[in-house]
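Reading through the structure tokens given below for one structure.
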Amino acid sequence: MDDPEERFTDLYDRHYRSVLGYALLRADRDVAEDVSSETFLVAWRRLAELPEPPLPWLLGVARNLLAKQRDSRHRRQALVDRITALTTSRDHEAWDVAEHVVDRETALAALSALPERDVEAMVFATWYGLPPEQAAGVMGCSVRTYNVRLHRARKRLARALGLDGGRHPRVLNTPLEDPR
Amino acid sequence: MTDRTFARLKPEGLDELAEDGYRRRRSGDLARAFATPRTEAAPLRRRRPYVLAAATLAAGLAAVAASVVVTGDPAPRPAPPSASSAAPTVVDARSFLLAAATTAKREPAESGRYWYLNERTLQKVHVAPGEYMAGLKELSARFEKKEKELKGDQERLEAAREEFEREVGELKRQELPYTAFAADTTESWRAMRPGETSRSVRGQDVKVTFGSAEDEAAWRAAGSPELVQPGAGPRDDATPRVLSIDNPSLTLQNVRELPTSKDELRRRLDELWKRSPNSADVGKAGYLWQTGVDLMTAPIRPGTRSALYQVLADQPGIASKGEVKDALGRTGVALSVSTADGADFRLVFDPGTAELLEYDVVDKGVTQLRVAVAGMGFTDKLGERP
């Protein structure tokens with residue numbers, strides 16, 4: 001395992017899908033794949049100094065590369081728009097309203113009312129299972145700020161979904177401020 | 001509750017798109033990286049510190065399941081601290097194999113002209129090859145002389161032959177009066193097309209170790225006989241090699257056709273077991289594990305490897321021995337099973353890639369054989385490693 005080629009292949013095989021999965025939430029397919037490939041090229045160059053575990057670092061690199069796309073031809077897309085774009089009929093069929101109280105569209109609409117970064121905080125916590133220390137590293141903020149975002153996202157989402165004991169699920173129409 | 005709803009919002013197609021991208025990009029990305037110069041190990045730049053309690057084991061398996069820890073000795077390492085997930089699930093040998101099955105299925109199928117295998121073997125030395133050969137020569141010379149003397153006397157000739165065979169058997173079973181282990185590396189390139197030249201290089205990096213200082217002294221007192229025959233360099237020939245001693249019908253070419261579903265593979269292995277020349281000796285458990293090793297080091301399809309792990313997971317009596325270091329110093333998870341003839345079979349897997357790192361045979365507490373798989377895969381040129 002000590003030779004760099006082998007280490008890199010192992011890194012690639014373990015994490016490429018996760019990195020691409022994240023990039024696909026921020027950009028369309030071609031750009032997402034290019035960004036992921038670029039991320040691993042950076043990882044190859046810096047192989048000797050990769051932190052353990054490497055995934056948060058890789059996600060952080062991908063996130064920075066995606067931010068650079070903002071001004072270019074391929075604008076970075078809103079997270080919730082990407083989730084909606086990637087949603088298929090299978091997802092709708094698998095969605096159990098009884099289990100989630102609201103339907104999928106309502107849930108997505110609730111999400112789109114949240115600040116982008118709060119949704120991202122939820123993505124890292126829930127889809128990637130990253131602990132706050134690692135997720136904060138990816139998002140380039142302090143652990144405290146990350147925890148605030150996560151807490152706020154959960155609370156607002158719960159309220160929007162009517163899971164907080166409120167009587168009716170309600171969709172927020174105005175974006176809430178993002179106190180960066 | 002909110003987290004669960006959010007988790008379900010993840011589109012199913014996302015993983016498929018990621019998998020698809022991975023398959024299409026992998027070879028190109030690896031090639032591009034390897035052609036790019038790396039920066040040398042520089043002192044770590046100041047970077048936001050991640051809290052790094054993460055166990056490599058848990059991290060590896062996290063890719064295929066939730067964060068998990070394998071039980072056994074030494075004590076399980078803690079999973080990374082996590083705000084969102086519950087306490088780590090404890091995994092037994094069966095669950096470990098099932099997780100490995102998922103990982104194995106994801107590996108891309110490959111092909112090539114030669115199947116390359118690099119194995120580091122450590123085994124107990126039973127006889128000094130020089131002494132054994134000398135003993136054998138002496139016995140056969142004596143028998144030949146007797147054979148001439150007894151020409152025509154069928155009855156006594158038969159008795160002499162029996163005596164000769166008994167003596168050879170005794171010589172074979174003789175144990176050295178000291179405990180010694182020999183390690184050596186064997187590389188092989190086996191042609192995938194029948195009739196093409198294959199290559200093997202045996203006896204590389206030979207190293208002899210002794211059970212204790214007394215054992216070494218006893219070896220010196222015996223005249224320091226050579227315990228391993230030195231390697232003779234590369235050997236090329238086109239003779240087909242047996243892939244699996246227990247399964248004469250399996251070949252390098254047809255293992256690719258083995259089923260990729262658990263039930264079908266189990267049925268197939270049951271049939272093979274019934275026809276196996278060795279079935280009486282080791283029992284089904286021993287057969288399955290030995291055959292498992294033969295297949296894991298052969299060019300089977302990823303789906304077959306996955307199915308094989310599932311079949312093994314259903315076997316009774318597999319125990320997880322937790323994290324161990326293999327003969328090459330790599331960390332893996334050891335699973336073991338006892339066979340009918342009283343031996344313990346141990347397999348060590350890389351928890352991240354689900355690859356076989358090492359297989360061991362332990363008899364009455366003494367390691368008889370330890371083989372670390374240093375590398376395997378396809379290559380298109382004799383002598384070239386994948």
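What follows draws every value from the coordinates through simple rules; no lab data is involved. Note that the structure is a prediction, hence the values are computed from the model and not measured. Every residue, glycine as well, gets a Cβ built from its backbone with ideal geometry; the counts of neighbours run over all protein chains shown.
Could you give the length gained on full extension between B:Arg8 and B:Glu271, defined as 0.36 nm per residue of separation minus the Cα-Cα distance, in nm?
90.3 nm
Using a 7 Å offset from Cα along Cα-Cβ at B:Ala222, what residues in region B:184-213 end up with backbone N under 20 Å from the label point?
Residues B:184, B:206-213 qualify, since their backbone N sits under 20 Å from the label point.
How far apart, in nanometres, would the label points at A:Lys155 and A:Asp81 be if each is projected 7 angstrom from Cα along the Cα-to-Cβ direction?
About 2.9 nm separates the two model spin labels.
So for A:Trp127, B:Trp219, fewest C-beta neighbours within 10 Å to most, what's the order? Show your work: numbers first, answer last.
Details: A:Trp127 18, B:Trp219 21.
Going from sparsest to densest Cβ surroundings: A:Trp127, B:Trp219.
For B:Leu150 and B:Arg113, FRET efficiency with R0 = 41 Å and r from the beta-carbon atoms, rounded to 0.05?
0.15
Run the simple label-point estimate for B:Thr102 and A:Asp30 please: 7 Å along Cα→C-beta, distance reported in nm.
The two pseudo-label positions are separated by 3.4 nm.
First check a/c for region B:129-173, with a ≥ b ≥ c the square roots of the eigenvalues of its C-alpha gyration tensor; if it is under 1.5, answer rounded, and if not, answer prolate when a/b is larger than b/c or oblate otherwise.
oblate
Around A:Pro132, what is the net charge, scoring Lys/Arg as +1 and Asp/Glu as -1 over all other residues with Cβ under 11 Å from its Cβ? Let's see the in-between values first.
On the way: positive: A:Arg144, A:Arg149; negative: A:Glu133.
It works out to a net charge of +1.
Around B:Phe378, with a cut-off of 12 angstrom between Cβ atoms, what is the net charge of the other residues, counting Lys and Arg +1 and Asp and Glu -1?
+2
Quick one: if the Förster radius is 56 Å, what FRET efficiency do A:Arg46 and B:Met133 give, using the C-beta to C-beta distance and rounding to 0.05? Each step should come with its number before you reach the end.
Details: r = 56 Å, r/R0 = 0.99.
Here the calculated transfer efficiency is 0.50.
Between beta-carbons, use under 10 Å as the cut-off and find the net charge around B:Gly342, counting Lys and Arg +1, Asp and Glu -1.
-2
Put +1 on the Cβ of every Lys and Arg and -1 on every Asp and Glu Cβ in region B:305-360; which of B:Tyr359, B:Leu308, B:Val333 then has its Cα farthest towards the positive end of the dipole?
Result: B:Val333, furthest along the dipole toward the positive end.
Using a 10 Å cut-off on Cβ to Cβ distances, tally the other chain neighbours for every residue of A:33-43 and report the average as a whole number.
Partner-chain Cβ atoms within 10 Å, mean over residues of A:33-43: 3.
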